[in-house]
Each structure stands twice: as structure tokens, then as C-alpha cells.
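One structure is given here, and the rest of the page talks about it.
The values are calculated or read from the model by the stated rules, or taken from the named source; none is laboratory data. All values reported here derive from a predicted model rather than from experimental measurement. Because the Cβ atoms are built from the backbone with ideal geometry, glycine has one as well, and the counts that use them run over all protein chains shown.
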């Protein structure tokens, strides 16, 4: 019986590990530290890794409205100096596309999945993103702004998704 239990535990652990997407240790990386704007309490970190033709993002954010979705976007300017996040300008959009759902090709490069806060107001998001890079080039997100919004993104309203006030801001930096 004990062998069966150990075999089951080992199989479950192997299955869990095989579902994880590995990030090569030498993958180009960028990070952002999100700090609250004067309109919010949200703060956290996001890491971006170039893995082949996609960017793997891992974000951890706290201070969100419990149980609520919050719009989450990469913005044009890596500037949080205004206090309200507006100095980060509009969504990062090097291809001149309309705002849209992150799963469609017709969207800003900076359109990403929403942060979904748990009952404590914490959110973790791990996702693969296309239309952007961490490496140099016109689609590079290094030096851009990362914004958490007060409201959910409707993925329709132009050009912002009607996601409301900017409640956290960070600058995406290489390394």
C-alpha cells in the first residue's frame, strides 16, 4: 500500500512539473516594480522573459479590490512621474492596431490579460505574450510603462478598453 501511495505521489509531482513552462536561465529578462499612484493602493512586480518568439510574463500584484478584475497594460512611455500614471501615455502600439482582446491579432502590443484579484486583493498572472519582445527592436517593451487600472478592460472601447484610473505604475527595465 505504501509503495502505491509513493508511486501516486511521485506521478502527481511529475505531472505538476511537466505542466510548468521552463524559462532558460540565459533568457533575456526585464522587470518592473509597480508602485501605487495617488489614485490607488496596488503594488507589485512583473518579470518578462524572452522565450523564443514569445514573452513569458509573471506578475504578482497586491492592494487590488478583492474579487475584481483590473485592466493591465503596457504603455508607451516608461514614465510614472505624474503621480496619476498619465505620464506613461497610451497603450504600447507599435503596429498601429485598434485596442482589442489579448487573444486576437488585431490589438495593441500592450493589451494583456486582466489581473484577477482574489478575496484578499492579491493577483498572480503567468502568461505568454506575443507582438512584443524583451530584446531590442521596435516591439521591445524595455523602457515602457506598466499600468494597473482600477476597472476591468472591456476589450472594445477605443483606445483604452474603458479600464478606468491608473492605480499602479512601473517602468520595465532590462535585467
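The set of residues from region 88-107 being surrounded by fewer than 18 Cβ atoms within 10 Å (Cβ to Cβ) and either under 16 Å from residue 46 (Cα atoms) or in contact (Cβ under 8 Å) with a residue 60 or more places away in the chain (or both) comprises 90, 98.
A count restricted to region 28-42 and to residues that are surrounded by fewer than 24 Cβ atoms within 10 Å (Cβ to Cβ) and under 17 Å from the mean Cα position of the chain (by Cα) stands at 6. Number of residues in region 108-129 that are at pLDDT below 95 and closer than 15 Å to residue 42 by Cβ: the value is 0. Being over 24 Å from residue 135 (Cα atoms), at pLDDT 95 or above and in a strand (DSSP E or B): is that true of residue 61 here? The answer is yes for residue 61.
A residue that is surrounded by fewer than 16 Cβ atoms within 10 Å (Cβ to Cβ), out of contact with any strand residue (DSSP E or B) (no Cβ under 9 Å at 6 or more places or on another chain), outside any helix (DSSP H, G or I) and at pLDDT 95 or above cannot be found anywhere in region 43-53. Just give me the residues in region 54-86 being surrounded by fewer than 22 Cβ atoms within 10 Å (Cβ to Cβ), on the phi > 0 side of the Ramachandran plot and touching a residue at least 60 places away in the same chain (Cβ under 8 Å), in sequence order. Matches in region 54-86: 63 only.
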